[in-house]
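> Okay, handing you the structure first.
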Amino acid sequence: MSASSLAGEAKPTFAAAPWRERAEEALIPPLVALLVALICGDLLILSYGQSPAAVYRMLLEGTWGNAYGFGQVLYKATTLAFTGLAVSFGLRAGLFNIGGESQLAAGGFAAALMGLVLPVGTPLVLALLICMVAAGAAGGVVGAVPAYLKTRFGAHEVIVTIMLNFIVLALLNWFIAGHLHVPETLHTPEIHAGVLPRLADIDSRFHGSAANLALIVAVLVATAVWFYLFRTRGGYDLRAVGLQPQAAEYGGISVNRVWMRALTFSGAIAGMGGINYVLGYKHYYEDGFASGAGFLGIAVALVGRNHPFGVIIAAFFFATLSQGGLAIHAFVPKQMMDVLQGVVIIAVATAVPEVRRILRSARRRSDA
Amino acid sequence: MSETPAIRMEGIEKSFGAVRANRGASLEVMPGEIHALVGENGAGKSTLMRMLGGLMKPDAGRVEVFGRDVTGWSTGEAISAGIGIVHQHFMLVPTLSVAENLVLGCEPKTRGVVLDYKRASDDVRKLSTETGLVIAPERLISDLSVGEAQRVEILKVLFRGARILVLDEPTAVLSPPEVRELWAVLRRLRDKGDTIVLITHRLDEVVEISSAITVMRAGQTVARVKTSETTPAEIARLMVGREVSLSAGKRVQPSGRTGSQPNQGLEVRNLSVMGSRGIRVIDDVSFSVKPGEILGIAGVEGNGQTELIEALAGLRSTSAGEILIDGNDITRRSVAKRHDAGLSHIPEDRLRRALILEYTVANNLILGVQKYFSRNGVMDRDRVKENAARAITSFDIRPPNALLAARALSGGNQQKVVVAREMGRGFSVLLASQPTRGVDVGAIEFIHQQLLNARAQGKAILLVSAELNEVLALSDRIAVMYRGKFATVLPSAEASEDVLGEYMIGTKKGSAA
Amino acid sequence: MNPISFLTQMIRIAIPYLFAASGGVVAERAGIVSLTLEGFMLTGAFAAVLGTNYTGSPWVGVLCGVLGGLIFSMIHAVATIRYRADQVVVGVAINLLAIGVTRFFLKLFFASSSNSPRVTGFGGNINAAGFDNPLLWLGLLVAPVMAFVIYKTPFGLRVRAVGEHPDAAESVGVSVKRVRYAAVALSGMLAALGGVYLALDQHQFTDQMTAGRGFIAISAVIFGRWDPLRAAAACLLFAAAETLQIQLQGSHAIPSQFIEMIPYALTIIALAGVVGRAVPPAALGKAED
């Protein structure tokens, strides 16, 4: 390729886009969310005749201010990180996985089964690996169903995953209630292999909190997801399909195959989240342990802007809200947090397209 | 001028961001005439009519309807004043019936709440018989043929009392007998006293039906003539001529290197592609492009060029025929396999097909060949950077920052990214579709040079362009596409704007070579 | 198993579904995704109990319930129509918000985390088997009325047009936004009525008492191919399965969990087109201009 007389002027550089620009689009929606949450929180607190400042201080003290509280935050954030990563992974391919509830439950169930089936003396690392693989596989199977229905029949994954939630949870309930439960309860017997140590076992200040080493797995999975999305060819293809399916098709990428992979792995990631409760906390599978974490995963993905590390931060945010609700319960009912959650999601969902629109037209005006 | 013009538009300016769609355009239509508004894609005809119809407001200029200043009015006002626009892409709800589509927004009611279907049906039937646009009111839009659907679109504007009708490319989707039916309808309406503006680029039809013609080019009005006082060739020249002649008539001498290559180039045999509603958009086309030659396809857009390229690229399925690259039959192969077989493609839809706007320049430069930039599944970032640096330097891509999102680049630089990518890898056949559209003059010359270099290296290039000068300057042989077929294939020495123009507008129909 | 008692129980179970599904049909036909039916229902249920508790009149409760549904539906409408937020995300959020708001006010007004005090409802005559409840009759009428609205009124025509080809509607002067706002408002009020019936029938509000009924309603909408009468038939079908399970309880013929799955499984089958494709309105979910 001979350079024409025009070349030579351009010295290639590799300066990433000005951080301000990227930060604007990425950070403004979550900040809007925070602001809205604060305002809304103020209103709710005042309606109970309490002082917002005092309540917020109480919230922070109860969550990040003491080891037990922080441990609880860590525990809750771990599950949310898994479901958030799952949803964001699907969204990166342009697919909406609402099935987190059932995928998480299925994964926990599989992990519990493995924990019961494996012999008592199994070395922890081996048992952990097997349980994790089982959890991921179970979640992946649940995720593969909408994937198949979409690629083969064009069935929209939102409705299919929602419907499947009910079906799978009912199925699991049948297993437990019918066959596998410890009498008088709705949970399986305690597992004897693959038990994850609690944080409290390592640092006694965390005594009483549910935080366990599953959080390390969460961080590893987040890193793996980041690596896959941004450093591998599969990730390049996946993001291309999510951003511009027509160009991806033109570039030789099989959109159907990417979709299949994305939803299946999304389910698998959510499934792995089951180990937090099953292996690290109660050591059995309990009907209903997932409750709400799947849907909150959507909020976490949204606020985390679908980026693995953003998801971790967002998971902490929502976990803090949740635990904070308990901490301030004496002053304001913890139900206030349920309201805040909904408000934050709507605020962020509304802010994202609006902010993008405003920024784009501002930029266009300055370029013209 | 003793009569008030039905439409008078003067000095119309309209820009969309950096694009000036209308630059002081003007139009004058007398009542009761069938007036053709002609020009190529992007000449600004549709934009001008949108302002008449109230869908947009002009940035400057004046719009008058029967002497009344109506500049900047709304759709509702335009409809009430009797303007009816029949869109190119039908605005009909497919799941509803003819009558339902017609009364939508002005539904007849009994007892204030119930939709009076009987009256709607009767009204439609009455109008239908009056105008000769026969169509049964109960039929579902999705069951109608294209010609029938168009009748409904016309009925829709007449139903609302339109006296001035604007038809946007009405014959683009019609078969010849349907076109004749449409002419009968339009003549009947004109005889009733309605005024008709026909937006089109099919000049063989224009001379049949219109009494006056306005020619637009690059946002401006360049001529206004009586149909009887001009010739199709003259109109074609006005339509496609350029202010700046790109290659100033300089012809490239054939390289004479054809035939001595191990590669065999591109061969297409009896290719047919079905469009919507059972019409063949590519109709039994056969041709070949030898290594070291550029075959240019001229023709006004909408005659099947887009579909041909898509079918060759693997983005559209074919109903008959074979495609061979270097002797390998790739007709059933996927896009990726076609890349492997030696095919490169510069798409005409840069923003949707050729680039992922949110990806960096560096990442866009490897789209389609990303497997060569990864090892064991992991992206080799150094090689990607190297590749980007090389492309940026060779093609003078500005700004020269490989990590900028493609969205931040100008159209010309975006195109350079695409060209750098498609021509920077090993290929034997290149499909170049509108390669210099939206590109500044300096870059145009550069891209042309790249195409010629590739030709010199023995590549087979299929060039599709709406810019006749570009096709003339670069091609060894030139084909003209008209209604899904090759109207002719000529060696470039025998081709000129005049000769090609007549094939392009359909007044001359030869046999494809 | 007495066929009369089976039928009457089935109808009573179907009423909330009938209300919500009818609302869902009109909103989705206009192009707005209605995952929110669950949230609207819950809100209606709580507002009704609130109103009835403080005034002693169930009719005031009905009014309050409808108002509650309307308010929530307007949140959904503004976010998705005016601000073009993603309809699925907002839908999920509305459901979460409904749970949160009802819990919060449950605590605030009734100082409880689980249930409200008992309130009066309609009817109550044991021999009437629930048919002395005016809401029940309203529920039976809702679907045919909705069918009439959609197929026989100008508003219904516009709803159908807007959900299939909004550009065509806009080009003849129909305000797509206004039609959608109206459709969402209707869905909010109707789904809320479903919740009102539920709460007044049980004479109290309990936390998350709708327990997925809103999703069964959506299933009915999809399984009924977005047609009000077919959706109503689906509601009755699902209610019949539920009734069967209740009346067969103890006989262990089919585990209750499998009966629970029926509506959802049928919906997936409908979507996959195994027994004829269920094709949604073309513009569903795309509120972008």
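No lab work stands behind these numbers, since they all come straight from the coordinates. Because the structure is a prediction, the values reported are computed rather than measured. Cβ coordinates were reconstructed from backbone atoms using ideal geometry, including for glycine residues, and neighbour counts include every protein chain displayed.
> From the gyration tensor of the Cα coordinates in chain A, what semi-axes in whole Å does the equivalent ellipsoid have, largest first, with each one equal to sqrt(5λ)?
The three semi-axes for chain A are 36, 29, 20 Å.
> Specify the residue with the greatest mean-square fluctuation among C:85, C:27, C:128, computed from a Gaussian network of chain C linking alpha-carbon atoms under 10 Å apart.
Taking springs between Cα atoms under 10 Å, the residue moving most is C:128.
> Using the Cα atoms of chain B to build a convex hull, what is its mean projected area in square nanometres?
26.9 nm²
> Rounded to the nearest 500, what is the 222 nm mean residue ellipticity of chain B from helices alone, with -39500 (n - 2.57) per DSSP H run of 4+ residues and division by all residues?
Helix contribution divided over all residues of chain B: -9000 deg cm²/dmol.
> Run the helix sum for chain A: -39,500 (n - 2.57) per DSSP H stretch of 4+ residues, divided by residue count, reported at 222 nm to the nearest 500 deg cm²/dmol.
Mean residue ellipticity at 222 nm (helix-derived): -24000 deg cm²/dmol.
> Considering only DSSP beta bridges with both partners in the protein assembly as shown, what is the antiparallel share in %, to the nearest 5?
Roughly 60 percent of the DSSP beta bridges within the protein assembly as shown come out antiparallel.
> For a protection proxy built on the mean count of beta-carbon atoms within 10 angstrom, sort A:174-180, A:133-139 highest first, please.
Highest-to-lowest ranking by the protection proxy: A:133-139, A:174-180.
> If you rank B:73, B:183 by fewest surrounding Cβ atoms within 10 Å, what's the result?
B:183, B:73
> Hand me the trypsin sites (Lys or Arg not before Pro) from the range B:28-114 located in a DSSP loop with no more than 15 other Cβ atoms within 10 Å, in residue order please.
B:111
> I'd like the mean, over residues of C:163-171, of how many other protein chain beta carbons sit within 10 Å of each residue's own Cβ.
6
> From the mean inverse distance of alpha carbon pairs (Kirkwood) and the Cα radius of gyration, derive Rg over Rh for the range C:3-272.
Rg/Rh for the range C:3-272 comes to 0.98.
> Something else: What's the average, rounded to a whole number, of partner chain beta-carbon atoms within 10 Å of each residue's beta-carbon in C:97-108?
Mean partner shielding for this stretch: 6.
> Just to confirm the number: angle between the C-alpha axis of helix C:134-152 and the first principal axis of chain C, 0 to 90 degrees, nearest 10?
Rounded to the nearest ten degrees, it is 10.
> Given contacts defined as C-alpha pairs under 8 Å and at least six residues apart, what's the relative contact order of chain C, whole-number percent?
36 percent
> Further question on the same structure: Among A:238, A:116, A:95, whose mean-square fluctuation peaks in a Gaussian network model of chain A (Cα, cutoff 10 Å)?
Comparing A:238, A:116, A:95 in a Gaussian network model of chain A, the most mobile one is A:116.
> Arranged by the count of other C-beta atoms within 10 angstrom, fewest first, what order do A:207, C:165 take?
A:207, C:165
> What's the local net charge at residue A:173, with K and R +1, D and E -1, over the other residues with C-beta under 13 Å away?
-4
> Tell me the angle of helix C:213-223 to the major Cα principal axis of chain C, expressed in degrees between 0 and 90 and rounded to the nearest ten.
It is inclined by approximately 50 degrees.
> Another question, if that's okay. Just subtract the alpha-carbon distance of residue B:286 and residue B:187 from 0.36 nm times their residue separation and send over the number in nm, one decimal.
31.8 nm
> Moving to a separate point now. Of C:132, B:123, how do they rank once you tally other Cβ atoms within 10 Å and put the fewest first?
Least crowded to most crowded, the residues run C:132, B:123.
> Given a Förster distance of 45 Å, report the FRET efficiency between residue A:31 and residue B:499 from their Cβ-Cβ distance, rounded to the nearest 0.05.
Rounded to the nearest 0.05, the efficiency is 0.10.
> Which one of A:292, A:310, A:99 has the biggest mean-square fluctuation once chain A is modelled by GNM with Cα springs under 10 Å?
Judging by the Gaussian network model, the answer is A:292.
> Of A:150/B:485; B:192/C:177; A:150/B:57; B:290/B:485, which sit over 31 Å apart, Cα to Cα?
Pairs exceeding the cut-off: A:150/B:485; B:192/C:177; A:150/B:57.
> ³J(HN,Hα) across the range A:83-92 via Karplus (A = 6.51, B = -1.76, C = 1.60, θ = phi - 60°), whole Hz, x for Gly/Pro?
Computed from phi, the couplings for the range A:83-92 are 5, x, 4, 4, 5, 5, 5, x, 4, 4 Hz.
> Averaged over peptide B:367-374, how many Cβ atoms belonging to another chain are found within 10 Å of each residue's Cβ?
Per-residue shielding by partner chains comes out at 5.
> Here's a follow-up. If eta is 0.692 mPa s and T is 37 °C, what Stokes-Einstein diffusion coefficient results for the protein assembly as shown, Kirkwood Rh from Cα pairs, in µm²/s?
It diffuses with D of about 99 µm²/s by this estimate.
> Quick one: helix B:117-131 against the long Cα principal axis of chain B, what's the angle to the nearest 10°, folded into 0 to 90?
80 degrees
> Set the Förster distance to 60 Å, then compute FRET efficiency between residue A:230 and residue C:247 from the Cβ-Cβ distance, nearest 0.05.
Plugging the Cβ-Cβ distance into 1/(1 + (r/R0)^6) gives 0.60.
> If every alpha-carbon in the range C:65-217 counts as one equal scatterer, what log10 I(q)/I(0) does Debye give at q = 0.15, 0.17, 0.20 1/Å?
Reported log10 I(q)/I(0), two decimals: -0.93, -1.10, -1.33.
> I would also like to ask the following. Given the range B:7-240, what whole percent of its Cα pairs are spread farther than 25 Å?
Within the range B:7-240, distances greater than 25 Å cover 42 percent of Cα pairs.
> Moving on. Could you list, in their original order, any pairs among C:152/C:286; B:14/B:45; B:156/C:286 whose Cα atoms are separated by more than 18 Å?
Result: C:152/C:286; B:156/C:286 exceed 18 Å.
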